[in-house]
1. Hey, which of these cross-link pairs are over 31 Å Cα-Cα: A:71/B:70; A:57/B:73; A:11/A:71; A:57/B:38?
2. Exactly which trypsin sites (Lys or Arg not before Pro) in region B:14-64 are in a DSSP loop and have at most 13 other Cβ atoms within 10 Å?
3. Determine, from the Cβ-Cβ distance of residue B:70 and residue A:13 and an R0 of 41 Å, the FRET efficiency 1/(1 + (r/R0)^6), rounded to the nearest 0.05.
4. Principal axis extents for chain B, Cα atoms only, whole Å, descending order, please.
5. For the pair A and B, how large is the buried accessible area, both sides, in square angstrom to the nearest 100, if the probe is 1.4 Å?
6. What is the percent carbon and sulfur in the accessible area of chain A, measuring with a 1.4 Å probe over the protein chains and ignoring ligands?
7. Convex hull over the alpha-carbon atoms of region B:1-63: what's its volume per residue in Å³?
8. Please compute the per residue accessible area over region A:21-116 with all protein chains in place, 1.4 Å probe, rounded to a whole number of Å².
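The values are calculated or read from the model by the stated rules, or taken from the named source; none is laboratory data. None of these values were measured; they are calculated from a predicted model. Using ideal geometry, Cβ is built from the backbone for each residue, glycine included, and neighbour counts are taken over all protein chains shown. Calculation scope for accessible area: heavy atoms of the full protein, side chains included, ligands and nucleic acids excluded. Shrake-Rupley method; radii C 1.70, N 1.55, O 1.52, S 1.80 Å.
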Amino acid sequence: DTGVSQDPRHKITKRGQNVTFRCDPISEHNRLYWYRQTLGQGPEFLTYFQNEAQLEKSRLLSDRFSAERPKGSFSTLEIQRTEQGDSAMYLCASSLTDRASNYGYTFGSGTRLTVV
Amino acid sequence: AQKITQTQPGMFVQEKEAVTLDCTYDTSDPSYGLFWYKQPSSGEMIFLIYQGSYDQQNATEGRYSLNFQKARKSANLVISASQLGDSAMYFCAMREGRGGATNKLIFGTGTLLAVQP
């Protein structure tokens, strides 16, 4: 098991463009989470999936953001019409429901987005 | 509302010495979990240690220990025998509930630790 993988590691885009990030969780993990981390801050929760169902979304997740996990495996996070304020590190994490209470999540290395 | 507070933006420690990173939390839920993560410059969040609200003893994991003072709502991380590789950002986080329906973590703003040779 190679852990949680995120692709790409870095993305530079022009304001107004759409971007899509991918997260591959640990294969047996049924929960998948997206977080956003801006400079000097801790990660902020965006959304999470249990299997393919999106069970919770933060108010931080505006209409320009959409996340999917179509087959309960990998997930994508799309940002439409990017703005400079979207520049951040986007972290993905996964967990097993019954282990989350003790071990939290396994995080990926993140995708760093820069909107110019 | 649940909240995590880390009041130390940055800390210096000499190699081989111990260091304490402070964390206080606020929650009205009697069941919660407290976590510490390490984030090196590569960006990955590395799990260090966990303390459940009902755990009777302070958690320990190798050189990491958690000084859990429930009445004061504090969960300080103690790193013993600091190593140069410990230089990183450290985040305290809290999860309310027993890991069931609500599973998201709330993070503090972090403490940047620099270990000096």
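1. Correct reply: A:71/B:70.
2. On the way: sites: B:16, B:38, B:63; in loops: B:16, B:63.
Qualifying residues, ordered by number: B:16.
3. On the way: r = 46 Å, r/R0 = 1.12.
That gives a FRET efficiency of 0.35.
4. So the extents along the principal axes, rounded to whole Å, are 44, 28, 22.
5. On the way: alone 6690 and 6350 Å², together 11270 Å².
Chains A and B together bury approximately 1800 Å².
6. About 43 percent, which is the carbon plus sulfur part of the accessible surface.
7. Numbers: hull volume 7.9 nm³, N = 63.
Expressed per residue, the convex hull around the Cα atoms of region B:1-63 is 125 Å³.
8. Details: 4240 Å² over 96 residues.
Value returned for region A:21-116: 44 Å² of accessible area per residue.
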